[in-house]
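Comments concern the structure below.
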Amino acid sequence: MMMKSSLLIFGCAMALTPGLARAEGEWTLGLGAGSASGIYHGQKDDAYAIPYLSYETERFRVGIDGLSYKLVSNEALTFSILLAPGEKPDFEEYAKKDARFAGLKRDMPVELGVAAEYSFGLFHLGAVALHDVASASDGYHVEASAGLSFPVGSGMIDVGVGARMRDKKLNNFLYGVSASEANGLRAAYDVGNTVEPFVELSLAYPISDRLSLVGAFDYSVLDDKVRKSPLVDGKESYSVGLGLIYSF
C-alpha cells in the first residue's frame, strides 16, 4: 500500500504550488522522504525515499502516480477524469515476518474515476470516486472532504477533513480472508463496507521560481470492521512526507 502514501506529499502539496502548469506544458521532478504506519500483523512503521516525475499542461497531467484530464477548469470548479494505480498490500513480503500471510497474493489494481473540487475564497469542497478496472479487487471507494487553504509568508498551507468509504470488494482485497484462503492461522473474514474519517495537512513553500519545498500528512481512524480482521493489528493509519520539487 506504499504507492498512495509515498506520493501523498507530491499529489497534495503540488496543488498548492502556483505556476507549475503552463499551456505549453511543464515537467516536474521531485525527491522526498516519507513514513507510513504499519497496520498489518508484523508490519512496522516504514520509512522510504520518494521519487517523483510528472508532465502537466493546463488540463492534462501524467506522472508516476497516474494521469488526469480536466474536463472543467475555472477559478471556482475543476472536474477531472483520473486513471491511477490503486492500493495493494504486499502480503508476500509480510509473510516473511508472519506466517499468517503465507499463500496470500494480491494483483495490482488500476483505478478509473472522477474528481471534483469547488473553491470559494479560502475554502474548498472535494470529492473523488474510483473503481478498479483491472479486476484485481473489482471494488470502488469514494472520498469527500472540506478544507481551508491559507498563505503563510510566501507559501501555502491546506488543512482538510473528510471521510473515505470503501465497498466490501475492495475491503476484502485489502483486509479480508476468503473461505479458500482460510487456514489454522487465519479465519475466513468478510469485511463489508466501511467509512473512515480522516484529517490531512499539506504545504508548499517556494524556495525559488522553480524550486519548492512540499510536505503532507494524512491520518485516519480504521473502521471497526477493519480492526477485527485477522490480518490487521492496528487502530489507525498515517502517512507523512517532506520533499523538494523542481519544475521546468
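The values are calculated or read from the model by the stated rules, or taken from the named source; none is laboratory data. What you see is a predicted model, and the numbers here were worked out from it, not measured in a lab. No Cβ is skipped: glycine too gets one built from the backbone with ideal geometry, and neighbour counts run over all protein chains shown. The accessibility values were calculated without ligands, DNA or RNA, using every heavy atom of the protein model including side chains. Shrake-Rupley method; radii C 1.70, N 1.55, O 1.52, S 1.80 Å.
Scanning segment 209-242 for residues that are open to solvent by 60 Å² or more (accessible area, probe 1.4 Å) and either in contact with an Asp or Glu (Cβ under 6 Å, 6 or more places away or on another chain) or in a helix (DSSP H, G or I) (or both) yields ASP224, LYS225, ARG227.
Assess whether GLY147 counts as being more than 14 Å from the chain's Cα centre (by Cα), assigned to a strand (DSSP E or B), farther than 26 Å from ALA102 by Cβ and modelled with pLDDT of 95 or more.
Working: more than 14 Å from the chain's Cα centre (by Cα): yes; assigned to a strand (DSSP E or B): yes; farther than 26 Å from ALA102 by Cβ: yes; modelled with pLDDT of 95 or more: yes.
Judged against the criteria, GLY147 is a match.
Let's see how each residue does on (1) over 30 Å from ILE245 (Cα atoms); (2) free of Cβ contacts under 8 Å to residues at least 12 places away in the same chain; (3) among the charged types (D, E, K, R):
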site: VAL177; (1), (2), (3): yes, no, no
site: GLY184; (1), (2), (3): yes, yes, no
site: VAL191; (1), (2), (3): yes, no, no
site: PRO197; (1), (2), (3): no, no, no
site: LEU201; (1), (2), (3): no, no, no
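Pairs meeting the criteria (first residue in segment 82-102 and in contact (Cβ under 8 Å) with a residue 40 or more places away in the chain, second residue assigned to a helix (DSSP H, G or I) and open to solvent by 50 Å² or more (accessible area, probe 1.4 Å), beta carbons under 7 Å, at least 6 apart or on different chains) are PRO85/MET3; GLU87/MET3; GLU87/LYS4. Please go through segment 107-131 and pick out each residue that is touching an Asp or Glu at 6+ places or on another chain (Cβ under 9 Å) and open to solvent by 30 Å² or more (accessible area, probe 1.4 Å). If the condition is that a residue be touching an Asp or Glu at 6+ places or on another chain (Cβ under 9 Å) and open to solvent by 30 Å² or more (accessible area, probe 1.4 Å), then VAL110, LEU112, SER119, LEU125, ALA127, VAL128, ALA129, HIS131 are the ones that fit.
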